[in-house]
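Notes to accompany the following structure.
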Amino acid sequence: MPPDRPTPARGGPAFLFDLDGTLVDSVYQHVLAWREALEEAGIELSVWRIHRRIGMSGGLFVNALLRETGHAVTADEAARLQQLHAAAYARLAPQVRPLPGARALLDYLSEAGVPWAVATSGRLASAKSTLDLLGIDAQAPIVTRDLVQYAKPDPDLFLAAAERLAVDITQSVVVGDSVWDLLAARRARALGVGLLSGGYGLDELQDAGAYRVYQDPDDLLRHLDEVGVRVAQ
């Protein structure tokens, strides 16, 4: 471990991580995939408007975006758009890279005996390649959209992740890059920590309830003591 990082000591809250924009640099691939899906369905929408909704559940995402266009969405149309997005994202997935410090952060927490899980609004089919990129094996605690009734901004994903770890959600830290992650954290009664690596601004994340905001996973790793992880002196 690099010498400028503290030596792990056992102890600290559980960490519940979002995936896209939090551990991997994939937000803009999702934005472009949604644009392609929308255009294929004959709907034009600026990419900045799409970006503002990344991190929401797919169903809410589609409804929110298309409400801006005045286009009524049927259940079949919403399902087709999500399928088109999944196909487009699969083509862009080879461009995705881990964010700085992501793997080191997970390794550090494991070494320190701090439980962690990943809770993503993505479905397993699209999330699997990303998890593989991070070197997260099938035995790791992962909660995807397939496993809960509602995704973010509802708290279900984080509640399920805490349950998977057998920890109290109120003693957990939710780490995410979007206002939707932090809203879900507040609704789950967990402590929220924001990362700027998904494109949201500092003020936005703080206004959504972030206790602390860091640049990326590497920055969080260097400040774990600020969120309750004990380190050896």
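Every number here is computed from the coordinates shown, using simple stated rules; none is lab data. Note that the structure is a prediction, hence the values are computed from the model and not measured. Every residue, glycine among them, receives a Cβ derived from its backbone with ideal geometry; neighbour counts consider all protein chains shown.
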Report ³J(HN,Hα) in whole Hz for each residue of segment 214-225, in order, from the Karplus equation J = 6.51 cos²θ - 1.76 cosθ + 1.60 where θ = phi - 60°; Gly and Pro get x. 10, 5, 6, x, 5, 5, 4, 4, 7, 10, 4, 4
Measure out, as a whole number of angstrom, how far apart the alpha-carbon centroids of segment 108-142 and segment 13-85 sit. 22 Å
Of 88, 184, 125, the most mobile residue in a GNM of the chain (C-alpha springs, cutoff 10 Å) is 125
Using only the alpha carbons of the chain, determine the length spanned along each of the three principal axes and report them from longest to shortest in whole angstroms. 59, 33, 33
In a GNM of the chain with a 10 Å cut-off on Cα contacts, which of 54, 169, 43 has the highest mean-square fluctuation? 43
Once phi is turned into θ = phi - 60°, what whole-Hz ³J(HN,Hα) does the Karplus curve with 6.51, -1.76 and 1.60 give for every residue of segment 89-100, x standing for Gly and Pro? 5, 4, 6, 8, 4, x, 7, 6, 10, x, 6, x
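Percent relative contact order of segment 111-167, based on C-alpha pairs within less than 8 angstrom and at least six residues apart?
For segment 111-167, the relative contact order is 41 percent.
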Contact order relative to length for segment 28-94, counting C-alpha pairs under 8 Å separated by 6 or more residues, stands in percent at 47 percent
Going by amide H atoms built from the backbone, whose H comes under 5 Å of the H on residue 212, apart from near neighbours? 194
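Take the Cβ-Cβ distance between residue 95 and residue 223 as r, set R0 to 41 Å, and report the resulting FRET efficiency rounded to the nearest 0.05.
Working: r = 29 Å, r/R0 = 0.71.
According to the calculation, E is roughly 0.90.
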Under the 7 Å Cα-to-Cβ spin-label approximation, residue 215 and residue 124 lie apart by a distance in nanometres of 3.7 nm
Rg to Rh quotient for segment 62-200, alpha carbon positions, Kirkwood Rh: 0.98
Report the relative contact order of the chain, percent, no decimals, based on alpha-carbon pairs under 8 angstrom and at least 6 residues apart. 28 percent
If we count every other residue with Cβ under 13 angstrom of residue 138's Cβ, Lys/Arg +1 and Asp/Glu -1, where does the sum land? -1
